[in-house]
Amino acid sequence: MLTVFQLPPYAPDLNPVECIWPVLRRTTVANRAFADPDDLITAVRRGLRQLQYRHDVLDGCLTGTGLRRQPP
């Protein structure tokens, strides 16, 4: 079951994805030039798959939002 939480778009501090992109920029796409958009998409997907196992990073992104990570 998927639960959707509506977050205000003007409050990036309440939107956990705003924390994920800087992590991906530092780790997955840093210092790389992509030949085409598909290469970028593949790299971001790979980075997100790796990030799902970094509970410390994910919990840090949720800090302050009132949200909690739920185990699968």
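The values are calculated or read from the model by the stated rules, or taken from the named source; none is laboratory data. Everything numeric in this text was worked out from a predicted model, so none of it was measured. All Cβ positions, even for glycine, are placed from backbone atoms using ideal geometry, and neighbour counts span all protein chains on display.
Whether a residue is part of a loop (DSSP other than H, G, I, E, B), more than 23 Å from Leu14 (Cα to Cα) and among the basic types (Lys, Arg) was assessed, and Arg68 does not pass this test. In the set (1) at pLDDT 90 or above; (2) acidic (Asp, Glu); (3) under 13 Å from the mean Cα position of the chain (by Cα), Asp59 fails one condition alone, (1). Within segment 19-52, the residues that satisfy the criterion of being aliphatic (A, V, I, L, M), assigned to a helix (DSSP H, G or I) and over 20 Å from Thr63 (Cα atoms) are Leu40, Ile41, Ala43, Val44. Of all the criteria given as (1) hydrophobic (A, V, I, L, M, F, W, C); (2) more than 11 Å from the chain's Cα centre (by Cα); (3) at pLDDT below 85, the one not satisfied by Val17 is (2).
In segment 1-26, the residues that are under 21 Å from Arg54 (Cβ atoms) and of a type in the set (Asp, Glu) reach residues that are part of a helix (DSSP H, G or I) and at pLDDT below 85 with C-beta atoms within less than 7 angstrom, at least six apart or across chains, in these pairs: Glu18/Pro12.
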